[in-house]
Each structure stands twice: as C-alpha cells, then as structure tokens.
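See structure below.
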Amino acid sequence: LECASTDDSLSGINEPSAVALDRLKSCLAGYGADTRMYTTPIAMDDLDAVRAWLGYDRINIYGGSYGTRAALAYLRQYGAHVRSVVLDGVAPPDLRLPLFAARDAQRALDRMFAACETDEACRSRHPRLGERVAALFARLEAASPRVSLAHPRTGAVEPVTMTAQILASIVASALYSPLTTSMLPELLSRAERDDFQGLVALAMLGDSSAENMSVGMHFSVICAEDVPRITTAEFESVTTNTLFGRHLMRQTVEACGFWRAGTVPPEYFTPVTSDVPTLILSGDLDPITPPSWGTTVARTLPHSLHVIAPQTGHGVAASGCGIRMVADFLAAGTADGLDTSCVEAMTRPPFFAVPAGVTP
C-alpha cells in the first residue's frame, strides 16, 4: 500500500493539497488489495497466526507509537499467549488521530520555549522566543513569502512559497526528538528574516523514514479507526489557542472522505484490561503521544509500570536508559522491582547557538 511522490525537488513542499489528494486517489484505485482489510484487529489475527506457526506458546510484545495500539489489540484478542508487553509512546485506540495533534504538539513547543527561557545562552540569543514565533506564524498566515532555497541534497536553487502549514509541519516533526528540537530556536529566529534554509534542511532529515512508512496502510487504519469518531466541533475546540491550528490534520480528514476504509467492532475502543505484566514508557516532551495517554492505559493494566522519561521525545527505548529498562523487564517478565533510576539522569541536549552546535 505504498503511495509516494516521485518528485525529488523542493516543489514537493509546495504541493497543493488537491494534487496530493489526487495522487492518493490514483494509488487507491491501483492497489491490488482491499484496503478495508487493513485494520489493526485483522493485522493482529495475522500476527497470532505467525506465532502459532512458529510454535510459540507465549510471546513478549514490544510496540512503539502505532505499534502500541497494535500491542494493545493483540493483548485484548490473544492475551493468553502474551508473557509481557512493552508500550513505548502510547497511542491507544481511542486516541482518534489526528484530533489532538495540534494540542499535544503545542504542549511540546511550550516546553521548548520554557527551556530556552531558563537557559542563559538561549535566552540572551533568542529573547521572548514564544512571542516571536507566534508572530512568525501569524505573518505567514497573512502573507506567504516567496523565497529561493537550495535543495539540501542536490544544491539546486528553487523558489518556494513558505506557508504557515509548511512551518507547522516542520516544527511538529522536529519536536519528536530533543536533538532536532535543540536546533529550533536558532532556525526559527532565522525564519523571522525569511531565511528558511535551515528549517527546510531539517525537514529533509526525515525523508529516509518514508521508505519504512506505508501511506496507504496509514490511511487504512486512521480512516477506519480514528477519523470517523471525530466531530467538526471537536476539531475546532481542540485546535483553538495553538499555533498549529488545523494544519496538522486537514489533509488526513480530506483523504478519509474518499478512502475505502474498513470497520472495527465497538469494543475495540474500550480500555484494554489485562493482568499481563506491562512496561509503559512515555517521553515527557513527546509531541504526539504525551504521558497522559500512558497514564490512561495504565489504569486498566494492574500489573503495569508507567515510566515517564524527562527531557525525552517520541520513543524512550531509543535511549540507553530505555534500552536497559526494556531488557531488564523482558528478562524478569515483571515490572516489580524494576530499576528505573537511570531516567533521573536524562537531560535535554543543549540548544544550538552556532552552526557547529552549542556554545563553546
């Protein structure tokens, strides 16, 4: 269910929504598969078939991001075959993507503003950063400047119209990782002068991940399990008072208007209850699955431990501390007595002050 643009130029950044949606329609029409069959419960039936074929009685499940939803679905459907579960960056079935994307991204962005304010070097170089970034978004909403930018890989100089939607997408993606977040104050300050070169280069960092992400699978899940349960009134109320507004959800909602999506049973959206030992990991700076979702899921998992890693973004197990906690948990098969003290030493990377990195 792949559906990727073959355009390797910067013009893809300015691709009109109508063009992107037409490409999705073309992909949908050309698939040799019934996209209604690509829901999480069906995928977990397949996973259990693999488990049975391999001859395993019980398995350990690790799920990250959307994988946490899959893990919870498997736990509900085949809990007798689960020894332990790790949920890293919890996205439960009732998350209703992308409803809370703007709210949760704003939470992470506000934490970045606060960190810059308490960091002497960042504060002196970027005073009142929050106010200025809000003014930048407002300016781009009112009038989008046409600028010349060099493609980060090819060096080809191309014209790009910088819109608030492009800025929202780049900033939201950068917030996933504290390392890329550390570059934002400097790059956003440059953007005030219509220098968007650094932000576009930052956006290109995630290009390689597209090979591991299936656009068609994404919409088959979201359009079946999330968007149908969102009302227009909820869209308006949740995006109010955020810089991201509806920029992070508009295209998804429009695509679900024509996507051939399946259905899931009503009980799919109820909390998963299980006695299986579960380690729940949340990054306190996560812009898409903040700790509140892990807290909610933990309420119906009595043998769970929810660890909130400070100064960490989307995916705790990517850190050395996270790897050690997961390994120890899987070895023991229980969260009882798990040593989580390493999270106390987690710190946010220093903010970039010069092109070479942090202040010498």
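The values are calculated or read from the model by the stated rules, or taken from the named source; none is laboratory data. Only a predicted model underlies this, so the values are computations on that prediction, with no experimental measurement involved. Cβ coordinates were reconstructed from backbone atoms using ideal geometry, including for glycine residues, and neighbour counts include every protein chain displayed. Accessible surface is based on the protein model in full, side chains and every heavy atom, while ligands, DNA and RNA are left aside. Shrake-Rupley method; radii C 1.70, N 1.55, O 1.52, S 1.80 Å.
Binning every alpha carbon pair distance of the stretch 1-127 at 5 Å from zero, what are the percents per bin?
2, 8, 11, 11, 12, 14, 14, 11, 8, 5, 3, 1, 0
Take every DSSP beta bridge with both residues inside the chain and express the antiparallel ones as a percent of the total, to the nearest 5.
In the chain, approximately 25 percent of DSSP beta bridges are antiparallel ones.
For residue 54 and residue 142, what does the FRET efficiency come to when R0 = 51 Å and r is the distance between their Cβ atoms, rounded to the nearest 0.05?
0.30
Residue farthest toward the positive end of the dipole of the chain, with Cβ of Lys/Arg at +1 and Asp/Glu at -1: which of 332, 272, 53?
The residue sitting farthest along the positive end of the dipole is 272.
Quick one: putting +1 on the C-beta of Lys and Arg, -1 on the C-beta of Asp and Glu, what dipole do you get for the stretch 204-325 around its Cα centre, in Debye to the nearest 20?
60 debye
With every protein chain left in place, what is the accessible area per residue of the stretch 158-268 in square angstrom, probe 1.4 Å?
The answer is 43 Å² per residue.
Below 8 Å, C-alpha to C-alpha, sequence gap of six or more: please give me the relative contact order for the stretch 16-148 in percent.
Once normalised by length, the contact order is 16 percent.
Stokes-Einstein at 25 °C, 0.890 mPa s, Kirkwood radius from Cα pairs: D for the stretch 244-329 in µm² s⁻¹?
My calculation gives 159 µm²/s for D.
Roughly speaking, what is the centre-to-centre gap between the stretch 177-196 and the stretch 7-52 when only Cα atoms are used, to the nearest Å?
Here the two parts' Cα centres lie 32 Å apart.
With the other protein chains left in place, how much accessible area per residue, in square angstrom, belongs to the stretch 1-99 at a 1.4 angstrom probe?
Per residue, the stretch 1-99 has 47 Å² of solvent-accessible surface.
How many angstrom separate the Cα center of the stretch 142-159 from the Cα center of the stretch 272-351?
Comparing the Cα centres of the stretch 142-159 and the stretch 272-351, I get a distance of 40 Å.
For residue 342, what accessible area in Å² do you get when you roll a 1.4 Å probe over the heavy atoms of the protein chains, rounding to the nearest 10?
Roughly 30 Å² of residue 342 is accessible to a 1.4 Å probe.
Contact order normalised by length for the chain, with contacts defined as Cα pairs under 8 Å and 6 or more residues apart; what percent is it?
With pairs under 8 Å counted, the relative contact order is 25 percent.
Treating the beta-carbon of each Lys and Arg as +1 and of each Asp and Glu as -1, no other charges, what is the dipole magnitude of the chain about its Cα centre, to the nearest 20 debye?
360 debye
Could you report the stretch 280-360's accessible area per residue, 1.4 Å probe, as an integer in Å²?
46 Å²
What is the percent carbon and sulfur in the accessible area of the chain, measuring with a 1.4 Å probe over the protein chains and ignoring ligands?
Heavy-atom surface of the chain belonging to carbon and sulfur, 1.4 Å probe: 56 percent.
What Kirkwood Rh does the stretch 125-241 have if only Cα atoms enter the pairwise 1/r average? Answer in Å.
16.4 Å
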